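To start, the structure under review is shown below, and the notes come after it.
The values are calculated or read from the model by the stated rules, or taken from the named source; none is laboratory data. As the structure is a prediction and not an experimental result, all values here were calculated from the model. With ideal geometry, Cβ positions are generated from the backbone for all residues, glycine too; neighbour counts draw on all protein chains shown. Keep in mind that these areas ignore ligands, DNA and RNA; they rest on the heavy atoms of the full protein, side chains included. Shrake-Rupley method; radii C 1.70, N 1.55, O 1.52, S 1.80 Å.
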Amino acid sequence: MSISRRHFFFGSLLAGAVPRGGFGSVPSLRALGYKPFYEKLNVAAVGCGGQGGVDLVAAARTENIVALCDVDEKRAAANFQKFEKTPKYKNFRVMLDKEGKNIDAVTIGIPDFMHATVALACMQHGKHVYLEKPLTRTPWESRLLMEAAAKYKVATQMGNQGFSHECNRVAAEIVWSGAIGDVTEAHISTTPGTAPAGLQSPPPETAVPETLDWNLWVGGAAMRPYSDWYTPYNWRGFYDFGTGQVGNWATHTAGPVHTALMLGAPISVECVSQVEHSSLTFPVRGLVRLDFPARGSMPPVKVFFHDSTRPADPEAFHVPGMENEAVLPRPNNLTDKGRPTGGGRAGAPRPPRPANAPRQGAGGPGVKVFGDPAAPAQPGILTGNGSVFVGSKGIMSTCDRGEGVQLLPAARWAEYVLPPQLLTRSPGHMLDWIRACKGGDPGCSDFSIAAPFAEWLSLIAIAYRVPGKLEWDSRNLRFTNSAEANKYVKPVFRKGWELKL
């Protein structure tokens, strides 16, 4: 592996916390200068409920919150009240125009299809950007944001918190140490989601809530009748608005695979199977294969995405030789080896839900829940949120956002000694970005790293919509053998919402 290629992917992790020229010397600083570490950033938030609210509160732990924006007053109500005296807006463009001089940086936690639109506008105003995962809905938008971050010289971070977790880094160090040999196959899995899937007709029209600006919510997408199946959470199941379980969970579970195998762009993507194909939403479940070429001394690798599978489904991966093994580790299992596991989301895993409690989706109380719940894990079968690396000398697995890692079988892991730490460790995903905003090294999910990752993940949605093996030309952002697939590479924007660098 050449040093230049390794530095391209992981330069900020390998270089250490302080830039060679001292704090404030890196090119991600705003043209007007930067704030030293002892001064607080003035942060605005676009999207103040749900995960956007989580990001807002995380930034508020150390920085000033100076403006809030959300098109849904009800969804944002708790944080609107928490930051009662902070100026509030529904239109992000109005907020940037009126509050721009007071804003250093912006957190963005809104539906996937508006990520590129809002993030680009903020960068064009010279603001540092923390953008929730997945970076974008389409490959064209991912490339646009990467180029914009470089052009406008701002600090960026995608909100895939697992990139900051200790286990994510250890997984990479295990692979690079040669412990499992050459990896030629990897499998990524996600639990079933709670958004609509496999729809054969548009959702029922309902009245627009008084607290929601539907026109602003639709933004650059084509206008359509409102349905409470879209907001506040289930938009993610619809191709026009979201990225299904690809963006909801595969952005996390694929993280260790992308990092450890130093994946660039695939050369092809193909939907192997799907259940209840739909032109409106993601399928109920599916299996997609991506092929990546050799990377330096690393051999070509085939990556399989197992979408929403249960142990009894034919799409589930049976790990060879591990019929009696628990495939995925438990979160934060590195504490057993004396290793701190901070860096991503703080705290222990959520406690189990009582057996008699009503099923609730990730959207929170009162949000419609669709589909069937996940089935219990079974020995030897990859299901749930995690990944499996199949190497010539062994097998490794990770769980959730990269919050647990182990070698299989368990007996090998019990006696395994962790390799030396090569990568620098994160102070926490939000703080990693804040440090970059103040002149430190770029964040570990800076858009130069996050955009290529988001690009190949976004190809999965296209494979669901267009049958056959699709050959991908990343340099030119096009499929070489499918005009139909190329229709989905770039969004079609509503008039007045077009994006230009």
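Scanning region 284-310 for residues that are open to solvent by less than 20 Å² (accessible area, probe 1.4 Å), in contact with a strand residue (DSSP E or B) (Cβ under 7 Å, 6 or more places away or on another chain) and either part of a loop (DSSP other than H, G, I, E, B) or not β-branched (Val, Ile, Thr) (or both) yields 286, 290, 292, 305, 306, 307, 308, 309. Residues that are open to solvent by 10 Å² or more (accessible area, probe 1.4 Å), closer than 30 Å to residue 151 by Cβ and of a type in the set (Gly, Ala, Ser) occur at least once in region 445-453. Of all residues being polar (S, T, N, Q) and open to solvent by less than 40 Å² (accessible area, probe 1.4 Å) in region 274-283, which is farthest from residue 171 (Cα to Cα)? Just the residue, please. Applying the filter and picking the extreme gives 278. Residue count for region 427-440 under the criterion of being surrounded by 24 or more Cβ atoms within 10 Å (Cβ to Cβ) and at pLDDT below 95: the result is 1.
Report, ordered by the first and then the second residue, all pairs with beta carbons closer than 6 Å, sequence separation of six or more or different chains, a first member in region 467-496 that is of a type in the set (D, E, K, R), and a second member that is assigned to a strand (DSSP E or B) and crowded, with 16+ Cβ neighbours inside 10 Å. Listed by first residue and then by second, the contacts come to 469/268; 469/270; 471/268.
With respect to the conditions (1) touching an Asp or Glu at 6+ places or on another chain (Cβ under 9 Å); (2) over 21 Å from residue 305 (Cα atoms); (3) open to solvent by 20 Å² or more (accessible area, probe 1.4 Å), residue 467 falls short on a single one, namely (2). When restricted to residues that are more than 23 Å from the chain's Cα centre (by Cα) and either within 19 Å of residue 271 (Cβ to Cβ) or free of Cβ contacts under 8 Å to residues at least 60 places away in the same chain (or both), region 295-312 contains 0. Of all residues in region 77-87, exactly one satisfies the criterion of being more than 22 Å from residue 430 (Cα to Cα), open to solvent by less than 70 Å² (accessible area, probe 1.4 Å) and outside any helix (DSSP H, G or I), namely 87. Counting the residues of region 18-53 that are open to solvent by 50 Å² or more (accessible area, probe 1.4 Å), in a loop (DSSP other than H, G, I, E, B) and at pLDDT below 55 gives 8. Residues in region 434-482 that are more than 14 Å from residue 164 (Cβ to Cβ) and polar (S, T, N, Q): 448, 458, 474, 476, 480, 481, 482. When residue 152 is tested against (1) touching a residue at least 60 places away in the same chain (Cβ under 8 Å); (2) more than 17 Å from the chain's Cα centre (by Cα), only condition (1) is not met. For region 240-265, name all the residues that are in contact with a strand residue (DSSP E or B) (Cβ under 6 Å, 6 or more places away or on another chain) and open to solvent by 10 Å² or more (accessible area, probe 1.4 Å). Passing the criteria: 245, 249.
The residues of region 378-403 that are among the small types (Gly, Ala, Ser) and surrounded by fewer than 24 Cβ atoms within 10 Å (Cβ to Cβ), listed by number, are 380, 384, 391, 392, 394.
Any idea which of 132, 173, 141, 147 is under 17 Å from residue 252 (Cβ atoms) and of a type in the set (Asp, Glu)? After applying the criteria, what remains is 132. Residues that are surrounded by 15 or more Cβ atoms within 10 Å (Cβ to Cβ), assigned to a helix (DSSP H, G or I) and at pLDDT 95 or above: does region 61-76 have at least one? The answer is no, given that none of the residues of region 61-76 is surrounded by 15 or more Cβ atoms within 10 Å (Cβ to Cβ), assigned to a helix (DSSP H, G or I) and at pLDDT 95 or above. Looking across region 314-334, the residues that are surrounded by 17 or more Cβ atoms within 10 Å (Cβ to Cβ) and farther than 27 Å from residue 417 by Cα come down to 315, 316, 317. Remark: pairs (first residue in region 77-106, closer than 11 Å to residue 44 by Cβ; second residue aliphatic (A, V, I, L, M) and in a loop (DSSP other than H, G, I, E, B); Cβ separation under 8 Å; 6+ apart in sequence or on different chains) = 96/103; 104/41; 105/41; 105/155. Quick check on region 447-467. Is at least one of its residues at pLDDT 95 or above, among the charged types (D, E, K, R) and more than 17 Å from the chain's Cα centre (by Cα)? Yes, region 447-467 has at least one match. Taken together, 436, 377, 414 contain a single residue that is farther than 29 Å from residue 131 by Cβ and touching a residue at least 40 places away in the same chain (Cβ under 8 Å), which is 377.
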